Amino acid sequence: MVLIEEFMVDAVCRHAMHAVWNDESKGLEIQKASMEAFQTVYQRVRGYMGDYLDFRLCLAILYRKGRMIEEARTKAELNEISKPSVPVKTYSGFREGLYHVPEEEILLWSYVSMETPLNDEGYHRYMELFARFFPEAAKKICV
């Protein structure tokens, strides 16, 4: 990772940790649980970055999950936030959870597609997200 990327990740982390520790409306137990949840998210995002996945998506995950952690008031919320953003399959497609981050979902689809071919529904969801985050590349691919 280049220096500016390290700086950006550090800035997001410092902001989230500062916001959690300075939120006097949260008790010490929730503050500690918030820090643990953020550490879980941070480690997972560092793993994505270690696999050389798109830095902008990784930073967006860290930022968005960090904001959710800042706003969380219960351990149950923090538990859900710290989980990976896996969509739920329904009869009409995919449903995103309350703490879902689509930037993480596309990275997860990327991992799955490297292991096994995607079925039609998975492929269409992956391409939907790809077109959202990489519109210029999607235009070239989906001609």
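Readers should treat all values here as calculations from the given coordinates under stated rules, not as data from a laboratory. Fair warning: this is a prediction, and the values are worked out from it, not measured in the lab. Backbone-built Cβ (ideal geometry, glycine too); neighbour counts: all protein chains shown.
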Practice item. Evaluate the relative contact order of segment 13-143 (contact order divided by residue number), counting alpha-carbon pairs under 8 angstrom at least 6 apart; express in whole percent. Key: 20
**Study point:** Interchain or long-range residues, amide H under 5 Å from ALA72's placed H
**Key:** none
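Hey, what number do you get for the chain at 222 nm if only DSSP H runs of n ≥ 4 count, each worth -39500 (n - 2.57), divided across all residues, to the nearest 500? Show your work: numbers first, answer last.
Details: 7 runs with 101 residues, N = 143.
That comes out to -23000 deg cm²/dmol.
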**Study point:** Crossing angle, helix 102-115 versus the chain [Cα axis fit, 0-90 degrees, rounded to tens]
**Key:** 50
Review point. How far is it, in nm, from the label point at VAL88 to the one at LEU3 when both lie 7 Å from their Cα along the line to the Cβ?
Key: 4.7
Check your understanding: What order, most packed first, do the peptides 50-57, 18-25 have when packing is the mean number of other Cβ atoms within 10 Å of each residue?
Key -> 50-57, 18-25
Review point. Quick one: if the Förster radius is 35 Å, what FRET efficiency do GLU136 and ARG14 give, using the C-beta to C-beta distance and rounding to 0.05?
Key: 0.60
Check your understanding: Mind checking which lysines have their C-alpha under 17 Å from LYS65, skipping anything on the same chain fewer than 8 residues away?
Key -> LYS32, LYS75, LYS83
Review point. When only Cα pairs under 8 Å and 6 or more residues apart are kept, what is the percent relative contact order across segment 1-83?
Key: 41
Review point. What's the angle, to the nearest 10 degrees (0 to 90), between helix 28-50's Cα axis and the longest principal axis of the chain?
Key: 30
Review point. Tilt of helix 55-71 relative to the longest C-alpha principal axis of the chain, in degrees (0 to 90, nearest 10)?
Key: 40
**Study point:** Reachable aspartates and glutamates, given that their alpha-carbon falls under 15 Å from the alpha-carbon of LYS26 and they are not under 8 places away in the same chain
**Key:** GLU36, GLU70, GLU71, GLU77
Point to revise | Full-extension gain in nm, MET127 to VAL112, via 0.36 nm per residue minus C-alpha separation | key: 4.1 nm
Check your understanding: Between segment 77-115 and segment 56-74, what's the alpha-carbon centroid distance in Å?
Key -> 14
